[in-house]
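Student: Starting off with a structure, shown below.
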Amino acid sequence: TKFDPAFRDATLEVSLAAAAEGGAAASDVQAYLTLRGPDGRKVALKPGSIALKDLACFSKIPVASPAKWDSEHPNLYTLTIQLKADGKLLETATQRVGFRQVEVRGNQMFVNNMPVKLRGICRHEADPLRGRSLAPGTWRKDAELFRAANCNYIRTSHYPPAEEFMEACDEVGLFVECEGPFCWASQTKLTPAEVPEMITRQHLEMLEAYRNHPSITQWSLANESGAFGEYFLPSAKALRQLDPTRLLV
């Protein structure tokens, strides 16, 4: 999402791709969009539908005066997309989104044109009794404990965070630095030519999995990797090109 210079009205950018499994015809496929605000009320969208060409589409949709998402006001909207062909419903997908814009000016981070001071910690996904196998509800409890401790910022660890935790961060208002899902990249049996491709592939998978979460304000390239520098340059360029809306650290 992006705001106008006055940070009043916003633009919802929708990028959608579909697959025609089994060689099914992909003609006349339309995506119908419904957006509901934090109060559950329907928000008028123009356009309200997008035609898929070659099973992909991109559209910029204006939204007047949306409630903003930040750490103190984690307002979430619900976007529902229905794929239809010849009047037949093919698929329904629902995604929660937040209207917020992240920028850096000098050495200061701004969210929705307001300066932000980050207070946070690194988090490993672990339970004292269950280890890496967390019980339902633990992710939400973690997020609530961090907020109760006056944290507004979490750095994930070198493996993909649980979707449940990312959803909890969206809900309670935690800024997230999402770390690349690996570390010690210099300790590998891959050839020097293979390492950048491996790193880039995993970074792009991270982007694809978590890019819709408003809580993520930063992508982290790696942790404790002696292979910084040219190995990480291709993935850094790819992340910057595909998602210029977040910080890259």
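Student: How many residues are open to solvent by less than 80 Å² (accessible area, probe 1.4 Å), under 22 Å from the mean Cα position of the chain (by Cα) and not hydrophobic (A, V, I, L, M, F, W, C) if we restrict to the range 80-95?
Tutor: Qualifying residue count for the region: 4.
Student: Hey, any hits in the range 124-139 for a residue that's of a type in the set (D, E) and farther than 14 Å from D70 by Cβ? Give the steps one after another, and end with the answer.
Tutor: Start the filter on the range 124-139 by keeping residues that are of a type in the set (D, E), which leaves 125, 127.
Going one step further and asking which of them are farther than 14 Å from D70 by Cβ, we end up with 125, 127.
Checking the range 124-139: at least one residue is of a type in the set (D, E) and farther than 14 Å from D70 by Cβ.
Student: Being under 30 Å from V29 (Cα atoms), in contact (Cβ under 8 Å) with a residue 60 or more places away in the chain and outside any loop (DSSP other than H, G, I, E, B) is the requirement here; does L89 meet it?
Tutor: no
Student: Please go through the range 33-53 and give me each residue that is in a strand (DSSP E or B), touching a residue at least 24 places away in the same chain (Cβ under 8 Å) and open to solvent by less than 80 Å² (accessible area, probe 1.4 Å), ordered by number. It would help to see each step written out before you state the result.
Tutor: From the range 33-53, those in a strand (DSSP E or B) are 33-36, 42-43, 49-51, 53; that's our starting set.
Still in the running and touching a residue at least 24 places away in the same chain (Cβ under 8 Å): 33-36, 43, 50.
Result: L33, T34, L35, V43, I50.
Student: Go through S65, S71, S59 for me and flag whichever is at positive phi, touching a residue at least 40 places away in the same chain (Cβ under 8 Å) and open to solvent by less than 90 Å² (accessible area, probe 1.4 Å).
Tutor: S65
Student: Next question. Hey, could you check the range 115-142 for residues that are open to solvent by less than 80 Å² (accessible area, probe 1.4 Å) and in a loop (DSSP other than H, G, I, E, B) and say which is modelled with the highest pLDDT?
Tutor: That would be L118.
Student: Also, quick follow-up: Here is a check on your reading of the model: is K2 farther than 28 Å from R246 by Cα and surrounded by fewer than 17 Cβ atoms within 10 Å (Cβ to Cβ)?
Tutor: Values: farther than 28 Å from R246 by Cα: no; surrounded by fewer than 17 Cβ atoms within 10 Å (Cβ to Cβ): yes.
When the stated conditions are applied, K2 does not pass them.
Student: So Y77 clears everything in (1) among the hydroxyl-bearing types (S, T, Y); (2) more than 19 Å from the chain's Cα centre (by Cα); (3) buried (at least 17 other Cβ atoms within 10 Å of the Cβ) except one condition, right? Which one?
Tutor: With respect to (1) among the hydroxyl-bearing types (S, T, Y); (2) more than 19 Å from the chain's Cα centre (by Cα); (3) buried (at least 17 other Cβ atoms within 10 Å of the Cβ), Y77 is out only on (2).
Student: Okay, moving on. Which residue, of A44, A51, A67, is farther than 24 Å from R8 by Cβ and small (G, A, S)?
Tutor: A51
Student: Which residue pairs have Cβ atoms closer than 6 Å, lie 6 or more positions apart in sequence or on different chains, and pair a first residue in the range 165-182 that is touching a residue at least 12 places away in the same chain (Cβ under 8 Å) and of a type in the set (G, A, S) with a second residue that is open to solvent by 10 Å² or more (accessible area, probe 1.4 Å) and assigned to a strand (DSSP E or B)?
Tutor: Hits for this filter: G173/P74.
Student: Right, something else. Just checking, does the range 54-76 include any residue being touching a Phe, Trp or Tyr at 6+ places or on another chain (Cβ under 8 Å), of a type in the set (D, E, K, R), farther than 20 Å from F7 by Cα and part of a loop (DSSP other than H, G, I, E, B)?
Tutor: Within the range 54-76 (the criterion being touching a Phe, Trp or Tyr at 6+ places or on another chain (Cβ under 8 Å), of a type in the set (D, E, K, R), farther than 20 Å from F7 by Cα and part of a loop (DSSP other than H, G, I, E, B)), the answer is no, since none of the residues qualifies.
Student: Output the residues belonging to the range 51-74 that are within 19 Å of the chain's Cα centre (by Cα) and among the basic types (K, R).
Tutor: If the condition is that a residue be within 19 Å of the chain's Cα centre (by Cα) and among the basic types (K, R), then K60, K68 are the ones that fit.
Student: Also, quick follow-up: Against the definition (open to solvent by less than 30 Å² (accessible area, probe 1.4 Å), touching a Phe, Trp or Tyr at 6+ places or on another chain (Cβ under 9 Å), in contact (Cβ under 8 Å) with a residue 12 or more places away in the chain and at positive phi), how does N112 come out, yes or no?
Tutor: yes
The values are calculated or read from the model by the stated rules, or taken from the named source; none is laboratory data. Small disclaimer: the values here were computed from a predicted structure and weren't measured. As a convention, Cβ positions derive from the backbone with ideal geometry for all residues, glycine included, and neighbour counts pool all protein chains shown. Note: accessible area is taken over every heavy atom of the protein model, side chains too, but ligands, DNA and RNA are not part of it. Shrake-Rupley method; radii C 1.70, N 1.55, O 1.52, S 1.80 Å.
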